[in-house]
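> One structure coming up, written as C-alpha cells, with questions to follow.
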Amino acid sequence: MTHAQSSAGKPWQGRLLQPFLHFHDAIEHMPARRAQVRLLAFCGALGMPLYYTLWHYHFPQEYESPALRVMAALMFLPALFPHRFSNTWFSVYLFAGLTFELPFFFTLMFLMNHASTLWLHSLLVALVVLFHFDTRIAALAYLSGTLLACAVFAVLGDPGFLLDRQVMQQLPVHWFTIVVLSLVKVSRHVGTQQKLAGLAAGLGSVAHELRTPLVSVEANVRGLQRLLPRRTDTDASADAEGAAACQDALARIQFEVRHMHHMIDLFLLSASAVSSRLEAKESVGMHDTVTAVLKRYPFVSAAQRALVTVDLRADFHFPGQAELCVVILLNLLRNALKAIQRAGKGRVRIVIDGKRAVPRLLFIDTGCGIAASRLPLIFDRFYSYPAHNGSGIGLALCRQILQAWQARISCVSRDGAYAIFVLEFAQPVPSRFPSPHRAR
C-alpha cells in the first residue's frame, strides 16, 4: 500500500474536509466550544434585527434590506443546536453560513451603501470575526462570499463602482488584516489555555486509567478478608481451596499494580517528552526497542500477548532517542490493542523492514479500523475518538517526536477492517551519534 491511499484515495478531499470535521468534532467533544458557538449564533440572530432598527430608523443609511436581514437571522438559528448535525451536514451548513453571514452580507451592504464609513468599519469587523475560525475555512468563505457579493452588486447596482477608488483602496487594508490575523491567531492567551487543557486532559486520562485497577484491588482485598478466616478451619480441603483463592486474588492484585505502574510510567514519559528536547541525539536499534516494549507492556493475559507478533525482515538503526521511541511504540501498541478490544476480534503485527531505501516500521492491527472521515484528524492534538476515549495527545506526540527526527508517520485504514501505521526513518545515521544500545 502507498501513502496516497491514506486519505481514502483523495488527498485533496481529505485536506478540504479536515478543518470542517475538526471544528465539528471540537463542538461534539468540548462543552465550552459548544457554548461559544451557541453564544455567537444568539448574538447574530439577535443582532440582525437590532441593527436593522438602528440603521433604518435612528441612523438611516442609503440602503437596507429587511429580506437579507431576516434570511441572515434565520441562518444563525441552526447553530444553536450544533450537536444535532452530522459531519456532512455540518460541513455544508458551516461553509454556507459563514459565507453568507460575513463576507457576502457585509460586502454587499458595503457596496450598496457606496463605501460609507459605517459599512467600511462593519466589513472590517466582519473579516476579523471570520478569520477567528480555521484559516482554510475562513479563506474559502471570504473568496466565495466576496465574489458572490460583487456579482450580485453588478446586477443590482452600478458595476463601474466596483473599480472605484473608495472600493479598491480598502483591499490592501483587508488583505493586511487577514494576514496579520492568520499569523497571530495563536496568541499567548491561547497557548496558555492549550497547556491548561493538555494538563487537564492528561490528569483526566490518568484518573480514568487508574480507576478500574483501584476498584479491582479493593474488591480483591475484600475477598481476601473473607477468605482468611477459613485458613483456621480444621477441614483440610476447605483450607486448600481458600489458599488457592488467596493466591489467585494476590496474582490479580500484582497484575493490576503492575498495570498502574506502567500507565504512570507512560504518562510520565509522555509528559517529559513534551517538555524536553526532542531532537535526535543517538543511534537507536529498532528490533531492540520493539523487544523492550513488548517486555515492558502489561498484557492482560498470555492470550493477549499471543495476539502480538513481530515480523523481522531486516533490523535497522535510526537517529533518535531510545526512551522517546519507547513512548511512540507504547502508544501505538496500546491503541492497537484497544482497537481489537472494541472490535472483539483481530491481531497485531509489527513489521521491521530495514531492507528498503527508507527503512520503516509497520504497526498493523485488524481491529475496528478508522473511518475515512476521522482519518485526517487522528494526529491532531486533543482529538480522540470515540469521545472521552483518552486525552488525544498520544498520536500528536508521536508525530511531533518523529518530525524532530526528520522521520514521518502516516496511517492507512479501512473502517471495521484494519489500521496500518507506517513509520519511515531518516538515513543514514550521523556518525557523531553514540553507538546503538538496548532500550531499557
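The values are calculated or read from the model by the stated rules, or taken from the named source; none is laboratory data. Quick caveat, the model's predicted, so the values are computed rather than measured. Neighbour counts run over all protein chains shown; Cβ positions are idealised from the backbone, glycine included. For accessibility, only protein heavy atoms count, side chains too; no ligands or nucleic acids. Shrake-Rupley method; radii C 1.70, N 1.55, O 1.52, S 1.80 Å.
> Which numbered condition trips up GLN400, out of (1) modelled with pLDDT of 70 or more; (2) part of a loop (DSSP other than H, G, I, E, B); (3) over 23 Å from ARG349 (Cα atoms)?
(2)
> Name the residues in segment 385-397 that are at pLDDT 75 or above and either closer than 17 Å to SER373 by Cβ or charged (D, E, K, R) (or both), would you?
Result: LEU395, single match.
> Name every residue in segment 91-112 that is under 14 Å from ALA79 (Cβ atoms), in contact with a Leu (Cβ under 7 Å, 6 or more places away or on another chain) and surrounded by 22 or more Cβ atoms within 10 Å (Cβ to Cβ), in order of residue number.
LEU98, LEU102
> Which one is nearest to the chain's Cα centre (by Cα) among residues in segment 143-186 that are among the hydroxyl-bearing types (Ser, Thr, Tyr) and under 15 Å from LEU120 (Cα atoms)?
THR177
> Tell me which residues, restricted to segment 301-345, are within 27 Å of the chain's Cα centre (by Cα), closer than 24 Å to SER413 by Cβ and assigned to a loop (DSSP other than H, G, I, E, B).
The answer is GLY344, LYS345.
> In contact with a Leu (Cβ under 7 Å, 6 or more places away or on another chain), of a type outside the set (Val, Ile, Thr) and either crowded, with 21+ Cβ neighbours inside 10 Å or at pLDDT 80 or above (or both): is that true of PHE421 in this structure?
Judged against the criteria, PHE421 is a match.
> For segment 129-147, enumerate the residues that are closer than 19 Å to GLN36 by Cβ, assigned to a helix (DSSP H, G or I) and open to solvent by 50 Å² or more (accessible area, probe 1.4 Å).
Those that are closer than 19 Å to GLN36 by Cβ, assigned to a helix (DSSP H, G or I) and open to solvent by 50 Å² or more (accessible area, probe 1.4 Å): VAL129, THR135.
> Something else now. Yes or no: PHE104 under 22 Å from ALA35 (Cα atoms), among the aromatic types (Phe, Trp, Tyr) and part of a helix (DSSP H, G or I)?
Considered against the rule, which asks whether it is under 22 Å from ALA35 (Cα atoms), among the aromatic types (Phe, Trp, Tyr) and part of a helix (DSSP H, G or I), PHE104 comes out as no.
> Go over the candidates ALA67, ALA126, ALA115 one by one and state the one that is without any contact (Cβ under 8 Å) to a residue 60 or more places away in the chain, open to solvent by less than 80 Å² (accessible area, probe 1.4 Å) and under 38 Å from the mean Cα position of the chain (by Cα).
ALA126
> If you don't mind, another one. From the set of residues in segment 375-384 that are open to solvent by less than 30 Å² (accessible area, probe 1.4 Å) and of a type outside the set (Gly, Ala, Ser), which is modelled with the lowest pLDDT?
Of everything passing the filter in segment 375-384, TYR383 is modelled with the lowest pLDDT.
> Name the single residue that is most open to solvent (accessible area, probe 1.4 Å) among those in segment 295-309 being touching a Lys or Arg at 6+ places or on another chain (Cβ under 7 Å) and at pLDDT 90 or above.
Ranking the qualifying residues of segment 295-309, first place goes to THR309.
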